[in-house]
Amino acid sequence: MAERVAVVTGAARGIGAAVVRRLAGHGWRVVAVDRCADDPRVPYPLGTAEQLAELAAEHPGAVLDVAADVQDPRALRDAVALAEQRFGGLDAAVAAAALMAGGRPFWEADESEWAASFSVGVDGTAHLARAAVPALLRRPEPRTGRFVALASAAAHTGLWRLTSYNAAKHAVLGLVRGLATDLRGTGICATAVSPGSTRTEMLRATAEIYGLSDVDAFAEHQLIERILEPDEVAAVVEFLCSPASSAITGTAVHADGGFTA
């Protein structure tokens with residue numbers, strides 16, 4: 001397969017970083033994007049510039065680290081332009097950036113909880129789509145471009161005291177379905193991946209919301225009776241970025257260990 005190029009957001013750690021490692025390890029060139037700064041609307045630390053730089057250093061020449069906020073449409077357009085300038089085009093875009101905010105009944109929650117969930121998880125995904133799809137369309141036919149967004153098991157069921165997050169992940173799935181319809185006949189597929197409980201900093205933040213000291217307590221909700229590792233979800237994303245996933249578009253792949261079975 002010819003060398004392929006991707007832009008991945010939320011790349012400093014967690015599933016986003018695992019996706020970058022998967023793609024770069026299989027010959028992709030990747031522009032790895034992360035805000036690299038904390039957000040005052042959530043109580044836990046976010047990925048850092050050091051983590052993003054270390055990720056890029058694992059794959060010299062193949063991964064470019066870019067500090068950019070997905071809430072800034074211009075920053076994502078610049079990241080896509082960098083992929084085209086440095087690597088010759090774009091074949092996949094992966095929207096993995098999101099925030100976890102919650103902890104109270106919806107009617108008691110501060111408005112910042114809703115704003116955080118939507119401005120990063122939904123608006124950020126939309127900004128990436130607007131920036132990336134024109135570049136995917138610039139590839140010559142027959143095209144095999146891919147847009148992949150990280151949804152969640154929360155896009156398919158309700159989670160206690162995480163209503164804003166629930167709504168945001170439902171919106172991501174709706175965005176993907178509409179985008180796939182708009183891309184009909186272009187050769188470009190748009191899909192979502194819905195992970196279950198995965199060993200990330202976001203899951204640790206969720207455990208704190210629920211008063212749990214150990215993230216492995218979430219394993220009881222999954223048929224595999226353990227929580228997922230980021231690389232397991234990244235393997236699904238990698239497949240969906242490949243030409244081999246041509247039969248899958250406008251839907252979500254449940255990489256959730258049986259959470260929603």
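The values are calculated or read from the model by the stated rules, or taken from the named source; none is laboratory data. Keep in mind that what you see is a predicted model, and the values were worked out from it rather than measured. Note that we place each Cβ from the backbone using ideal geometry, even for glycine, and neighbour counts take in every protein chain shown. Side chains included, ligands, DNA and RNA excluded: accessible areas come from the protein's heavy atoms. Shrake-Rupley method; radii C 1.70, N 1.55, O 1.52, S 1.80 Å.
Details
- Only DSSP H runs of four or more residues enter the estimate; each adds -39500 (n - 2.57), and after division by the residues of the chain the mean residue ellipticity at 222 nm equals -12500 deg cm²/dmol.
- Karplus-derived HN-Hα couplings along the range 245-261 (A = 6.51, B = -1.76, C = 1.60, θ = phi - 60°), whole Hz, x at Gly and Pro: 8, 4, 8, 10, 7, x, 8, 10, 9, 8, 9, 10, x, x, 4, 9, 5
- 3J(HN,Hα) from dihedral phi, the range 131-143, Karplus parametrisation 6.51/-1.76/1.60, rounded to Hz, x for glycine, proline: 7, 8, 4, x, 5, 4, 6, 6, 5, x, 6, x, 7
- Cβ-placed point charges (K, R +1; D, E -1), dipole of the range 145-215 about Cα centre in debye, nearest 20: 200 debye
- Relative contact order [Cα under 8 Å, 6+ residues apart], the range 86-172, whole percent: 44 percent
- For Val30, distant residues with modelled amide H under 5 Å away: Ala6, Val63, Leu64
- Kirkwood Rh (inverse of mean 1/r, distinct Cα pairs), the range 13-74, angstrom: 12.1 Å
- Rounded tilt (10° steps) of 230-241 against the dominant C-alpha axis of the chain: 40 degrees
- For the peptides 45-56, 177-188, residues were scored by their other Cβ atoms within 10 Å and the scores averaged per peptide; the highest-first order is 45-56, 177-188.
- Within the chain: Cβ-based charge dipole about Cα centre, in debye rounded to nearest 20 (Lys, Arg +1; Asp, Glu -1): 960 debye
- Accessible surface computed residue by residue for the range 1-122, with neighbouring protein chains in place and a 1.4 Å probe, gives 43 Å² per residue.
- For the range 120-130, 3J(HN,Hα) computed residue by residue from phi via the Karplus equation (6.51, -1.76, 1.60; θ = phi - 60°) reads 8, x, 9, 4, x, 5, 5, 4, 5, 4, 5 Hz, glycine and proline entered as x.
- Charge dipole (the range 206-261, unit charges on Cβ, about Cα centre) - positive-most of Pro230, Gly211, Leu240: Leu240
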